[in-house]
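The values are calculated or read from the model by the stated rules, or taken from the named source; none is laboratory data. These numbers come from a predicted model, not from an experiment. Cβ sites come from the backbone with ideal geometry, for glycine too, and all protein chains shown count toward neighbours. These area figures cover heavy atoms from the full protein model, side chains too; ligands, DNA and RNA do not enter into them. Shrake-Rupley method; radii C 1.70, N 1.55, O 1.52, S 1.80 Å.
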Amino acid sequence: MFSLIMVCSAAIAVPLFIFLWNHMWDAWKIAQDLPPFDWGKEALIKQIRREALHYDLPAYGDDVDISDFPSISMLLDDKTGVSFYGESDGYYRLSFYPETFLHSQYGSVLQRALDIASVPSIREPPYTVRFGNGEVAALYLTDYHCIAFIYPYIAVSALLCIAVFLVPVLLYIGSRIRSIRLLDREIALMASGDLSHPVPPAGYDEIGSLGAGLNQLRIALSSNFRQEEEIRKSNQDLITSMSHDLRTPLTILNGYLEVMRLGGQSKERQEEYMGRCIQKVSDIRELTDRMFEYALVYEVDETPEFKELPVRFFARCLTENLDYIRLAGFTAKTPEFPQSGVISGDETMLKRVFTNIFSNILKYGDKRTAVGLILSQAPPPAPGSSRSHAARTCDMKKTDTGLPDHPDKAVLRIQISNGIREDCSGIASNQIGLKSVQKIIRLHHGTVLAEKEGQRFAVTLTLPLSESDPDPRPDR
């Protein structure tokens, strides 16, 4: 772009100077009547006519010296010359040459100016002058006063052409300098950590390409920093979630072992608790194995390992958790469980759902209020019946996830409720438990509805049922 502007400027400036040089005499014709250059041409002609009356016009061929006409030669300055020719015969009689012409050097600017000035002067019509002997001569006046105009004219023309060449170039350079300063400010902003401010366009040349590249760098850095922050937060949430999911079964395992250590249970009861302890150890091992496969609640591409699970699986999970909270001092009744129905789901994920719900009961629940549990089969929700409820368990707030993905199927509805301790407002919560429940149930095409009314909290899970039970035998 810079080279193109220079070529275009030169293509305008050079022809302009040639034009001004060739029209130098036209400019002089306009300027010669102006006060700085008006030398009194008409007055000089009158004075020559008056002084010529004192001299005789030489005859053709006479050897005449200008010193013989002192009063006429004194009227002429160093830039004015006159020539006399006989009016009747047209022969040359007498000439006065200007000193400027005599001292000019061939090939110089002055010589070029004299050549330009002399041609129009010679072509001017002659003036008639009468001498003392009655002869009439034709007077040709050669005027070189334009010399005083030529040098300023050449200087102004050169300056004008240089300006025509330099102004576009300097304007372009100025705009590029402003663009460089703008990019410098943008780089300073990026260095300070501000990646939200876009880099303005800086043209279509190399600097503009640099600005566009800088803007792409800003976008890439912003995206990388944002992804890094999301990864960092995801890793932090992963650690928090795994800590939550592992702490609960460990607490349950510790509770069973404490009960067994205290003794007082029958042999059958101890064997049952021992089996549950072994099951919890298996659950912990499976959780630690799968923690490297996906990022729990916050991993976008977490995929459940679906298999057919009978409703009796949910009855067993709920019974185990009810027994444990009873040991912790809560009261709860074992409800009637449906004996048929199949859910397509991930066994480990669904176990985590109930572990998280009952761990929240242990953390926030009021032991003076009985824990309620309802497990039932129901038709799918009617269209338009989805509600969004605000729910708060201490400092945790949840909303309804919506209708199932398959509203034409029957559903298994599980509702768990309990009272909330009055002092739970002072307990910190990261909401990981209910977040994990929402994520898992959503992956199973179900809904989660958490509600709080006064000091009563209830969470309702809805899962779509399969059409048949592949294993009608009692649960093992």
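Structure summary
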quantity: W21 - accessible surface, heavy atoms, 1.4 Å probe, Å² rounded to 10; calculated: 60
quantity: For H445, solvent-accessible area (1.4 Å; no DNA, RNA or ligand), Å²; calculated: 70
quantity: Phi-based couplings in Hz for segment 362-367 (Karplus 6.51, -1.76, 1.60; Gly and Pro marked x); calculated: 4, 7, 10, x, 9, 5
quantity: Area of D68 that stays accessible when all protein chains are in place (1.4 Å probe, Å², to 10); calculated: 90
quantity: Entries in K280/K363; K233/K452; K367/K435; K233/K367 that, when Cα-Cα distance is taken, lie over 26 Å; calculated: K233/K452; K233/K367
quantity: Probe 1.4 Å, all protein chains present, accessible-area order of R316, R442, R176, largest first; calculated: R442, R316, R176
quantity: Probe 1.4 Å, all protein chains present, accessible-area order of Y256, Y97, Y151, Y324, largest first; calculated: Y97, Y151, Y324, Y256
quantity: q = 0.19, 0.20, 0.26 Å⁻¹, segment 24-91: log10 I(q)/I(0) [Debye, one scatterer per Cα]; calculated: -0.90, -0.95, -1.26
quantity: Sequence ranges 154-164, 74-84, ranked by mean other-Cβ count within 10 angstrom, highest first; calculated: 74-84, 154-164
quantity: Whole-number D in µm²/s for segment 201-280 (Stokes-Einstein; Kirkwood sum over Cα pairs; 20 °C, 1.002 mPa s); calculated: 122
quantity: Cross-link partners of K79 among lysines (Cα-Cα below 16 Å; sequence separation of 8 or more within a chain); calculated: K41
quantity: Distance from segment 318-347 to segment 143-216 (C-alpha centre basis), Å; calculated: 80
quantity: Surrounding net charge for L327, when Lys and Arg each add one and Asp and Glu each subtract one, Cβ distance under 14 Å; calculated: +2
quantity: Evaluated at q = 0.22, 0.23 Å⁻¹: base-10 log I(q)/I(0), Debye formula over Cα of segment 220-263; calculated: -0.74, -0.76
